[in-house]
Amino acid sequence: MNRPLSGARTLRCAGAAAVLLTLYALSPTPRGWRASVVTLAMFGAALVLLALYLGVLLRWRRGTRSVDPGAVAESLVLVVLGAVLAFSLIYLRLAQVPGQFEGLRTHTDALYFTVTTLTTVGYGDIHPVGQVARALVTAQLVANVVLLGAVVRIASGLLAAGRRRAAEQEDA
């Protein structure tokens, strides 16, 4: 793979990430019953995102190992970022429902909570109180384990494919 293609992919990925982060930062925070409706819509969007991610993973597993490794890496980066932002928005909306979260008030709080949950650091300053919030955080924890396992599997597959190509080039 040549450098210009790699640089173009990096710029495309960074641009998409910037757009996602901007949309996240500019998203309004509804109050009252609208928070519940938006939370359900965001949960649905997160499920769609997970389905897209699983589609990439299944395509990789079905033997289409000729898929460009850079495209797989780019997809994973954007899916992880999208999932983090989707969960952040869901938590932000759910925090508007009384009795669900303690200490989660802003977009930054929601992003902070999501990333601490993703990395399993869990400082405790923001935590779920209500049953719906706890169930959603549990779902994110399970998704984190699945995601981490998939990333490790794909990365090891890419490394093995690279070693095979290098060995084939040495033999030729």
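The values are calculated or read from the model by the stated rules, or taken from the named source; none is laboratory data. Note that this is a predicted model, so its numbers are computed, not measured. We place every Cβ from the backbone using ideal geometry, glycine too, and count neighbours over all the protein chains shown.
Working carefully through the options Val129, Val121, Val145, Val115, find the one that is modelled with pLDDT of 85 or more and under 20 Å from the mean Cα position of the chain (by Cα).
Values: Val129 fails: under 20 Å from the mean Cα position of the chain (by Cα); Val121 fails: modelled with pLDDT of 85 or more; Val145 fails: modelled with pLDDT of 85 or more.
Going through Val129, Val121, Val145, Val115 in turn, just one is modelled with pLDDT of 85 or more and under 20 Å from the mean Cα position of the chain (by Cα): Val115.
Return yes or no: is Gly63 surrounded by fewer than 16 Cβ atoms within 10 Å (Cβ to Cβ), modelled with pLDDT under 80 and either assigned to a loop (DSSP other than H, G, I, E, B) or not hydrophobic (A, V, I, L, M, F, W, C) (or both)? Answer is yes for this residue.
How many residues are surrounded by 21 or more Cβ atoms within 10 Å (Cβ to Cβ) and within 14 Å of Ser27 (Cβ to Cβ) if we restrict to the stretch 95-113? Break it down stepwise before answering.
Pass one, the stretch 95-113, residues surrounded by 21 or more Cβ atoms within 10 Å (Cβ to Cβ): 95, 100-101, 104, 110, 113.
Narrowing the set further to residues that are within 14 Å of Ser27 (Cβ to Cβ) leaves 95, 110.
Number of matching residues: 2.
So which of Glu74, Glu170 is loosely packed, with under 11 Cβ neighbours inside 10 Å and assigned to a helix (DSSP H, G or I)?
Numbers: Glu74 fails: loosely packed, with under 11 Cβ neighbours inside 10 Å.
Being loosely packed, with under 11 Cβ neighbours inside 10 Å and assigned to a helix (DSSP H, G or I) holds for just one of Glu74, Glu170, which is Glu170.
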